[in-house]
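Just below is one structure, and these are the notes that go with it.
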Amino acid sequence: QVQLVESGGGLVQSGGSLRLSCATSIRLFNINTMGWYRQAPGKQRELVATITSGHTTNYSDFVKGRFTISRDNTKNTMYLQMNSLKPEDTAVYYCNTKFQGFEYWGQGTQVTVSA
């Protein structure tokens, strides 16, 4: 079983920055792809970005050029650096992975961007 714990959310003004962290309960180098998702009130959960064990990254169009996903296998932690935040980025952000046939989600961290 894998436990994922997000942190780093908060309230920030439009144009500001936040860095989210996702700590894993197992050694990160054992996990291939990890990702960040978000869910705004009244909307479906959507993919933000993914990163593979080889550090190949993929971003949804609405965050390209503003967000950066990374992972540090020595710290068993994945990150999401969010710059130039917009009010429409307001959501609960979740980290996600699949391991040995099971899918795992963190509890989420709230990001609120004020206009």
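The values are calculated or read from the model by the stated rules, or taken from the named source; none is laboratory data. Source: prediction; values computed, not measured. Every residue, glycine as well, gets a Cβ built from its backbone with ideal geometry; the counts of neighbours run over all protein chains shown. Heads up: the accessible areas ignore ligands, DNA and RNA and are worked out on the full protein's heavy atoms, side chains in. Shrake-Rupley method; radii C 1.70, N 1.55, O 1.52, S 1.80 Å.
When the range 24-58 is filtered for residues that are of a type outside the set (D, E, K, R) and under 11 Å from the mean Cα position of the chain (by Cα), the ones remaining, listed by number, are 34, 35, 36, 37, 47, 48, 49, 50, 51. Candidates are the residues of the range 1-31 that are modelled with pLDDT of 95 or more, of a type in the set (A, V, I, L, M) and out of contact with any Asp or Glu (no Cβ under 7 Å at 6 or more places or on another chain); the one that is nearest to residue 48 (Cα to Cα) is 18. Listed by first and then second residue, the pairs with beta-carbon distance under 6 Å, at least 6 apart or on different chains, first residue in the range 91-103 and among the aromatic types (Phe, Trp, Tyr), second open to solvent by less than 80 Å² (accessible area, probe 1.4 Å) and at pLDDT below 95, are 99/2; 99/31.
What residue, among those in the range 32-42 that are open to solvent by 80 Å² or more (accessible area, probe 1.4 Å) and more than 14 Å from residue 87 (Cα to Cα), is modelled with the lowest pLDDT? Looking at residues that are open to solvent by 80 Å² or more (accessible area, probe 1.4 Å) and more than 14 Å from residue 87 (Cα to Cα), I get 32. Would a scan of the range 58-69 turn up a residue that is within 18 Å of residue 106 (Cα to Cα) and at pLDDT 95 or above? Yes: one or more hits. For residue 103, the test of being in a strand (DSSP E or B), open to solvent by 30 Å² or more (accessible area, probe 1.4 Å) and either in contact with a His (Cβ under 8 Å, 6 or more places away or on another chain) or not basic (Lys, Arg) (or both) is passed. A residue that is touching a residue at least 12 places away in the same chain (Cβ under 8 Å), over 16 Å from residue 34 (Cβ atoms) and either open to solvent by 80 Å² or more (accessible area, probe 1.4 Å) or part of a strand (DSSP E or B) (or both) can be found somewhere in the range 72-85. Filtering the range 86-100 down to residues that are among the aromatic types (Phe, Trp, Tyr) and modelled with pLDDT of 95 or more, which residue is most open to solvent (accessible area, probe 1.4 Å)? The residue in question is 94. The test for being polar (S, T, N, Q) and touching a Leu at 6+ places or on another chain (Cβ under 7 Å) holds for residue 73.
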